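Novice: First, the structure itself, so that you have it in front of you.
FYI, it's all coordinate maths here, none of it is from the lab. Note that the structure is predicted; figures quoted are calculated from it, not measured. With ideal geometry, Cβ positions are generated from the backbone for all residues, glycine too; neighbour counts draw on all protein chains shown.
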Amino acid sequence: MAKIVVLRGDGIGPEVIEEGLKVLKASARRYGIPLEFQEALLGGVAIDATGDPLPAETLRCCTEADAILLGAVGGTKWDTLPAEIRPERGLLRLRQALQLYANLRPVRLFPSLLEASPLKREVIEGTDLIIFRELIGGLYYGTPRGIEKHGEDERAVDTLSYTTTEIVRIARLAFHAAAGRRKKVTSVDKANVLISSQLWRRTLLQVAEDFPEISLEHMLVDNCAMQLIHNPRQFDVIVTENMFGDILSDEAAVISGSIGLIPSASLGAARGLYEPIHGTAPNIVGTGRANPIGTVLSAALLLRHSLKHEAAAAAIEAAVEGVLAQGYRTPDLKQPGTQVIGTQQMGDRIAHAVETA
Ligand code: IPM
Ligand code: MG
C-alpha cells in the first residue's frame, strides 16, 4: 500500500487537488494500484490553524509518505507577515527537509493546443523540453540573509551560494535524463558576472566528462530567456540554479499555452513531491475557472517517479491529450470553436477517459 500525503494548500490549491485526486484514484482503480491518502496542512491554512506554515505534524507525515501531492501555497492574506513565517517559507522548509534538490518541469506541447499559445505555431511546433531546476540552494537559501538597520537607512541581503556537491548532484540527474532523450544539456548561468555561476559552469564541464554521448552547451540566463520564446525547439534538457529555474519555467510555460498545464516533480534522496508550477491565483478562487491539468499531470509524474507505474502515468497523459483533442478547455485555454468547461468537469472528463481507456 503506497501512502500519499495530500497538501491542498491555499487559493485554488484545494480546487485543483480535488481533480488531481479524482484522476489519481481513477487510474489506481483502473490499474489496481493500492493507495492510501493522508491530508496535512501547509502554507497559509497551516498558519491559520497552528501559527506555523510547516507544522511538525505535516513534516512527520511527509517523511513517512511514499509521495506527496501539493496544490499551491500563499495569498494576500499572509503577505504582510515577516518572511520567515510566510506560507512560501513552509514550502521552502519542506523542500529542504526532504532534500528535494531537483525540480523537474517538463514543457511539452499538446497538438490540439498549438493555437492556444500566444507564440506563433511555426515557432513552437515540435517543442519538447524539460527544465531541471536546482531546488534547495542558491538565492532562496543562502546565508547571510536579512535586513539590518543603519540609522535611518536599511540594508537587505540575500546570498547566492553553491557548493560543488550541490551542483554535481543536479547536473548528474540532468545528464542522465538527456541520455534518455535528445542527448543535449543546456546549462544556464550568468558566468559573465556571477562567481557562483563560474563554479557552476566549471562543475558542469567536469560532470560532462562522464557523459561523452551528451552534448553540453552553456547559455547565459538573459539569452536563455530570449531563446526560449525565439526558438524553443533548440532545447532538450535545461539545467539551472534555483531562481533562474523559477523564472525561466514560468516563461517556458507560455509556449504550452498556459501555466495551468505544467506539472513538476521534486526529487531527491527518497520520497518525491509533486505540484503544478502555478501559484494560488487569488483572483479566480471559488469560480470554477482554475485549470486542474497541471495537478493532474503532477499526479502522473507521481505514478511514474515514485510508484514506478509507467503505464498508469502514461494513461493519464493520454487521457489529458484526448480530452483536449475533443475540444474541451478551461477558460485559460479558450479559443474559437472550443468548449469551455469548469475545473470539476475537466477533472471528471479526464478521470472518465482514464477509466475507460
Ligand atoms: C514555484 C513557486 C515557489 C518558488 C514559491 C511559491 C515559493 O513560485 O514553485 O515555482 O519560487 O519556488
Ligand atoms: Mg515559480
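Novice: Would you mind calculating the relative contact order of the stretch 117-256 from Cα pairs under 8 angstrom and at least 6 residues apart, reporting the percent as a whole number?
Specialist: On the way: 229 pairs, mean separation 54.1, N = 140.
Relative CO of the stretch 117-256 lands at 39 percent.
Novice: Whole number please: convex hull volume per residue, Cα atoms of the stretch 1-94, in Å³.
Specialist: Convex hull of Cα atoms, per residue: 77 Å³.
Novice: Can I ask one more? Any chance you could get the radius of gyration and Dmax over the Cα atoms of the stretch 78-200, in Å?
Specialist: 18.8, 59
Novice: Let me ask another. Please identify the longest segment of the chain free of exposed trypsin sites (Lys or Arg not before Pro), where exposed means a DSSP state other than H, G, I, E or B and no more than 15 other Cβ atoms within 10 Å. Could you put the intermediate results ahead of the total?
Specialist: Numbers: sites that count: Lys120, Arg181, Arg182, Lys183, Lys308, Lys334.
No qualifying site falls inside 184-307, the longest such stretch.
Novice: If amide H atoms are built 1.01 Å from N in the plane of the peptide, which residues on other chains or at least 5 residues away come under 5 Å of the amide H of Ile131?
Specialist: Correct list: Arg105, Val107, Ile238.
Novice: Also: What are the ³J(HN,Hα) values, in whole Hz, obtained from phi via the Karplus relation 6.51 cos²θ - 1.76 cosθ + 1.60 with θ = phi - 60°, for each residue of the stretch 278-292 in sequence order, with x given for Gly and Pro?
Specialist: 6, x, 8, 6, x, 5, 10, 4, x, 9, x, 9, 5, 8, x
Novice: Let me ask another. Output the antiparallel fraction of DSSP beta bridges having both residues in the chain, as a percent to the nearest 5.
Specialist: Antiparallel bridges make up about 40 percent of those DSSP assigns within the chain.
Novice: Please give the Cα centre distance for the stretch 289-303 versus the stretch 162-218, rounded to the nearest Å.
Specialist: If you average the Cα positions of each part, the centres end up 29 Å apart.
Novice: Taking all pairs of distinct Cα atoms, average 1/r, flip it, and tell me the Kirkwood hydrodynamic radius of the chain in Å to one decimal place.
Specialist: Details: mean 1/r = 0.0479 Å⁻¹.
Its Kirkwood hydrodynamic radius stands at 20.9 Å.
Novice: Report the far tail of the P(r) of the stretch 117-256, meaning the percent of Cα-Cα pairs longer than 23 Å.
Specialist: Value for the stretch 117-256: 38 percent of Cα pairs lie more than 23 Å apart.
Novice: Calculated from DSSP H runs of 4 or more alone, at -39500 (n - 2.57) each and per residue, what is the 222 nm mean residue ellipticity of the chain, nearest 500? Spell out each step's value before the answer.
Specialist: Details: 12 runs with 144 residues, N = 357.
Calculated at 222 nm, the ellipticity per residue is -12500 deg cm²/dmol.
Novice: Out of the stretch 195-265, which GluC sites (Glu not before Pro) are coil in DSSP terms and have no more than 12 other C-beta atoms within 10 Å? Provide the component values of the computation, followed by the final result.
Specialist: Working: sites: Glu209, Glu213, Glu217, Glu241, Glu251; in loops: Glu209, Glu213, Glu241.
Taking the stretch 195-265 and a limit of 12 other Cβ atoms within 10 Å, the loop GluC sites (Glu not before Pro) found are Glu209, Glu213.
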